[in-house]
Structures are given as C-alpha cells and as structure tokens.
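Single-structure report; data block below.
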Amino acid sequence: MEEQYFNEMRQQMAALKEQLDKQEIVSDRLIREIMKAKKKDINSTKNVCYVCVVIAFICFPLNSLTDTWSWTFTAVTALMLIFCLAATEYIHRPVDKLNLMTTDLATVARVMAKFKKQYDNWLHYVTPALLIPWITWACYEFAWKRCPEGMNPLWFTLPILIGGGIGGAIGYYYHCKAVNAAKDILKQIEEK
C-alpha cells in the first residue's frame, strides 16, 4: 500500500515536472518572440538612416543647378553623412548579428546594453558636435552669401532652422524608438 502511494507520488511529480518544463519552454519562446519584434524596431531606425542618406546623395547634384551651397559645403556634408552612415553600421552590427531565438540571454543583454549606451552617447555628444557647426555653416552659406541685396539675411535662416528642427524631431523620434526597443528587450530578460 505504501509503495503504491509512493509510486503515485512519483508519477504526479514527474507529470508536474513535465508540465513545468513545457511552461518554461513556452515562456522562453514567448520572450524571444517579443525580443524579435523589438529588434525590428531597431532595424527600422537603421533603415530610415540609410534612406535619408540615399535621398541626400540624390539631391546633391541639384546643387550644381541651383548654386544654393558652395561645393565645399556640399562635400563636407557628404563626408559627414558617410561618417554618420559608417557609425550607424558600426553601432547596429552587433545587434544585426544576434539570433534572438538561439543566442543566450546574457549575450543578448550585453549587446543591447552596449547598443543603448552607444546610441545615447551619439545623441548627447556626437550630434551636437556635428550639427551645431554644420547648421551655422548652412545659415552662413544660404542666408549671408546668397541673400539678395536689400533683404534681411535672418529671414533666410528661418527655413534652415525650421527644417533643422523638423529633422531633429524626426531623428529624436527614431532615436527613442531604437533605445526604447533595446530597453524593452533588457526588461524582458531581467524579468525572466
């Protein structure tokens, strides 16, 4: 009788262990699917950057027709865009290499933490260092050098500043989208 009781308990324990293992597998798979969706948000940010650079390079030949900017300014802008594109590729490469369905969560957490830190450093240090001189030079090129006689050059700076503000808001939106996706992935890993 006692032996039958122990056998029933063993069977119940084995069934309970099997059920817990299945739940853990489902939970792990669900977390990885959520992380995969968040990785798409990170990749969309990178793709928007690529599209913006391609559009800019398509528009550069228009400079020769309109003579809006000097060729020096255009060349420096092109070099700045190439630098930004290379930095974007450098920052995103470790994330792109991750296979979220098979890579261990510690590695995913390390890569996402580094990605988030690099994105924040780019926003706080590199962006101002690049954009403040570039916008100042753009205002000089467009407003002061090309301003028709009798017009106030400050009026010509408004389109640049408004465009810069709109571009900055769009860039900040995509920055937040990528960083928040990385934060969500880190949060999912911490909760597991």
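The values are calculated or read from the model by the stated rules, or taken from the named source; none is laboratory data. A quick note: this is a predicted structure, and the numbers were derived from the prediction, not measured. Note: ideal-geometry Cβ built from the backbone for every residue, glycine included; neighbour counts use all protein chains shown. In case anyone asks, the SASA skips ligands and DNA or RNA and just uses the protein heavy atoms, side chains included. Shrake-Rupley method; radii C 1.70, N 1.55, O 1.52, S 1.80 Å.
Under the membrane-span-like helix rule (DSSP H runs whose alpha carbons stretch at least 30 Å along the helix axis, mean Kyte-Doolittle hydropathy 0.5 or higher), the chain yields 71-97. For the chain, a Gaussian network of Cα nodes joined below 10 Å ranks Glu33, Glu141, Glu149 by mean-square fluctuation, and the top entry is Glu149. Taking all protein chains as shown and a probe of 1.4 angstrom, Met112 keeps an accessible surface of around 0 Å².
In the context of the full set of protein chains, residues of segment 109-192 present 64 Å² of accessible surface per residue (probe radius 1.4 Å, heavy atoms only). For segment 27-108, the square roots a ≥ b ≥ c of the C-alpha gyration tensor eigenvalues yield an a/c of 1.5 or more together with a/b exceeding b/c, which makes the shape prolate.
A probe of 1.4 angstrom, applied to the heavy atoms of all protein chains, finds His124 with accessible area near 110 square angstrom.
A DSSP coil position with no more than 16 other Cβ atoms inside 10 Å describes none of the trypsin sites (Lys or Arg not before Pro) in segment 91-136.
By the Kirkwood approach, averaging reciprocal distances over each pair of separate Cα atoms, segment 24-191 gets a hydrodynamic radius of 18.2 Å.
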